[in-house]
Amino acid sequence: MRAEHVVLVVAAATLMILVVLPLASLIVGSVVDGGRPTLEHFREALRGRLYVQALWNSLVLGAWTAALSVVIGLPLAWAVSRTNVPGKRFLHFTAVISYLTPPFLTAIAFVNLFGPNAGLVNRFVRDVLSAPALTFNVFSMAGLVLVTVPHTFPFVYLLAASALESVDASMEESAQILGAGRWRTAAAVTLPLVAPAVLSGALVAFVNAIALFGSQAIVGLPGRVFTLPTRIYALFDYPPQYGLASALSLIFVAITVAALYLQRRYLARRSYVTVGGKGGRPQLVDLGRARFAVLAFGVAVFVIAVAAPYLTLLAVSVSKSWGLTFWQNLTLQHYRFVLLEYDVTRRAIVNSLMLAAGAATLAVVLGSLVGWVDLRTTAPGRKLLDYVSLIPLGLPGIVVAVALIQFWLALPIPIYGTLLIILLAYTARYVPLGVRSANAAFRQIDPSLEETARVTGAGWLRTFRSVTLPLARPGLFAGWLLVFVPALQELSASILLFSSGSITLAVAVYNLYETGALKPVAALAIVTMVIITAAIALATRLGRGGAGVSVAQ
Amino acid sequence: MAEIRIERVTKRFGATTAVRALTLEVRDREFVTLLGPSGCGKTTLLRLIAGFMSPDEGSIRVGTATLSTPGSVVPPEQRGMGMVFQNYAVWPHKTVYQNVAFGLEVRKVATSEIRARVARVLELVTLGGLEARYPAQRSGGQQQRVALARSLVVEPSILLLDEPLSNLDAKLRERMRWELKELQRRTGITFVYVTHDQSEAMALSDRIAVMHLGELMQIGAPREVYTHPANRTVADFMGLVNLIPARVVRADAVAVGGAHTLTLTLPPRVADGQPVQLAIRPENVRLVPIGRGAPAGGDGLPGKVSEVTFLGNLTDCYVTLDDGTRVRVQAEPGLALEIGQPVAVRFDADAASVFDV
């Protein structure tokens, strides 16, 4: 048996256990009840008032979020890449931080600002301005959209910005010299050229928005705005209704896959050939005085998406009582509580760090195997392997959890409720990121570099170890970080899989929130952010050192 | 009338000056090429004419209208010019028809007339029948024709072309040259053409403006610029050239190697006895084999053949003169030469130029 076959078999078997079999048991579970085939679960999921309402709410949430993501992301992208707006780095930073902020933290912060009775802004509006009509209830669809958009507009921003930057200046100048003014040029040339990227960003925003369990539970449940993830979650209350949960999960998957399919088609259309040549960057639009208005728009986004959540959590976490005069009585007792007295915290920190590091490593290793088989061998079935590894892109976090529960509960191996099943869930969720990164890293290594080693007499393993791996290391490490960061704050899958021993950081925050202890929650949220930031900084530093060494050698 | 008058135009980018106090006049219906190596400022000058940039000093006028001064620049969309880009810049999201019709739609021409004019111009660039196709999948040559048609359909009085042929393969480039020249003659549009390819410039232009480091070195008909370059830079850029040390012997003559005297026009302010450089192209050097019947010495400079390459339509060789100077000669192919063979070289005074050292 040749080495490439071993790798192929190992990768295929792992993907079977992680993705294919759980998904298969999800499908089986949705159409089988008590050993007999049935369509009852799907009928209930598509007819039952509760479930149709949840489906509708999810679609409404996704649509509004996608639309608002364009409304915020596109102007910012245009301002940063095409105008002389001041503070470009600040605007870019706003988008990146918004994206990195765990959505459930934003949700908790906004509950403290816009909770119907105790929300700080609502109190101010009602008690100081005496304008109760202007209060805003965050526990509503509008509130849900408000706390979700900060996490999703960066998708549109990033895709639109890179598209705007890659449009060749001469495309627009051709229209100008033919007599088209600035707006006509924008409408006839620029907008059509970047539209695929913008639409694609909107669809990614849609898919991400509807999959966020945290904000939908924190803001949606109190307002009785049920969505697909929260409905599926509720089905696991005793007695759990696995069949219905499976059917609902598959409907959820269908929506996600349909959106991603559209997204791919739009993105493919973006491959408008740009012929080489000097072409060059477009000249920046001089906004004149209007550039300060555009900057003000960016500052408003920063205030809502970054400043408000963090400052609110910080303020709540140190206040004795949350109200308009909270700053008169400050305390560190909430921090003492979550760090010293609440024994869950330390366990959750350790668990999350281990799980994130483990899942990132596994995802990258598996990604490397898949990528290597795909790019460097002619083994039959290598393309199929690549496709299978991308399946989890279409699976919302909570669906991964449902599938894993279905699969492992049917087996006599008791891993439900352990760290292991959460590790499997994280690895399955993020394996596409590992595959993409490994693929990109290997693609940059010319095969002749490896062939030279082989010709010189190095075996396959030796070649991989001393040529391929060192060259691919920076790319693989980037992939590792790409998995590590979201895994550290994962909630959607963990929420169904944790037990008191395997609790994670995000679950700890959510559980504490459910008890109504808003001030300790804020303290724990701040602690979580500090840990995430520190872990990213440390990982980046270690990674850079490693990459530096490999180059020096 | 579409004559362009560029007067003392300067354009700076930070510390570098891309165009320096440049004055140039392009006549109505003329084909003028801005020629120079990359970085000489030719594209900047073209973009200044188009209105994509504003000059830091000087002015650009077309006919009686002042289009560009440092304070005010008529925007490109109000200049009524056409422009063809190096990378074609055809819009991939529009069909060939939509690409070409765009300028007419902007001008609010009636639909029926748009259809007729697009059909006519597509016929002109031999793209008839491809109206419904998307240009992105067409060949480079066809894309370039779409770009041309798009510019021509609005009947501009001035067409600016920025290295339009440089992305095409050699054969297509050759053919497009003839087509462009033909097109310009037929339409009577003033062409301003940018290229770094001197043979392209010679083939196309009524006049060539040679630029170097942002300055205009010389402007003139191709033959004039080629045979009587204004300075060494132009001579060098316009093709192969020998630069041979010489000495002024009269107000209208120089001597090379002491013996060979040539009568020609000298640059002003040169004194008798002053060392100068004689610039002569390889094809203007006559080669006479010495010995075995041929007159020894004669009127020429003796030397020996040091390298020979037979190229089919000519024989390319180097002759090392007795004083050590190497001269490149392109001789008729019938001449049989061997390395080491003694020869005499003679320069054609009518085709030579003299530069200060």
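Read the figures in this text as sums done on the coordinates, not as results from a lab. Quick caveat, the model's predicted, so the values are computed rather than measured. Methodologically, a virtual Cβ is constructed for each residue, glycine included, from the backbone with ideal geometry; neighbour enumeration extends over all protein chains shown.
Per-structure values
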quantity: Residue order, fewest to most beta carbons within 10 Å, for A:106, B:23, B:309; calculated: B:309, B:23, A:106
quantity: Quarter of Cα convex hull surface for the range A:49-104, i.e. mean projection, nm²; calculated: 4.7 nm²
quantity: Kyte-Doolittle at least -1.0, axis length at least 24 Å by Cα - qualifying DSSP helices, chain A; calculated: A:49-82, A:141-166, A:191-211, A:242-269, A:344-376, A:419-443, A:469-488, A:518-552
quantity: Hits among lysines - C-alpha to C-alpha of residue A:519 under 19 Å, sequence gap 8 or more where chains match; calculated: A:320
quantity: Order of A:499, A:162 - criterion: other Cβ atoms within 10 Å of each residue's Cβ, fewest first; calculated: A:499, A:162
quantity: Extension gain from residue A:268 to residue A:133, taking 0.36 nm per residue of separation minus the Cα-Cα distance; calculated: 43.8 nm
quantity: Reachable lysines from residue B:42, criterion Cα separation under 27 angstrom, eight or more residues apart if same chain; calculated: A:278, B:11, B:171, B:181
quantity: Cross-link reach list, lysines versus residue A:88, counting only Cα pairs under 20 Å and skipping chain neighbours closer than eight places; calculated: none
quantity: Sorted by Cβ density within 10 Å, fewest first, the residues A:320, A:519; calculated: A:320, A:519
quantity: Rg over Rh [alpha-carbon atoms, Kirkwood Rh] for the range B:138-231; calculated: 0.98
quantity: The protein assembly as shown - Debye-derived log10 I(q)/I(0), Cα point model, q = 0.09 Å⁻¹; calculated: -1.05
quantity: Kirkwood Rh and Cα Rg combined as Rg over Rh, evaluated for the range B:1-102; calculated: 1.00
quantity: Quarter of the Cα convex hull surface for the range B:210-357, i.e. its orientation-mean projected area (nm²); calculated: 9.6 nm²
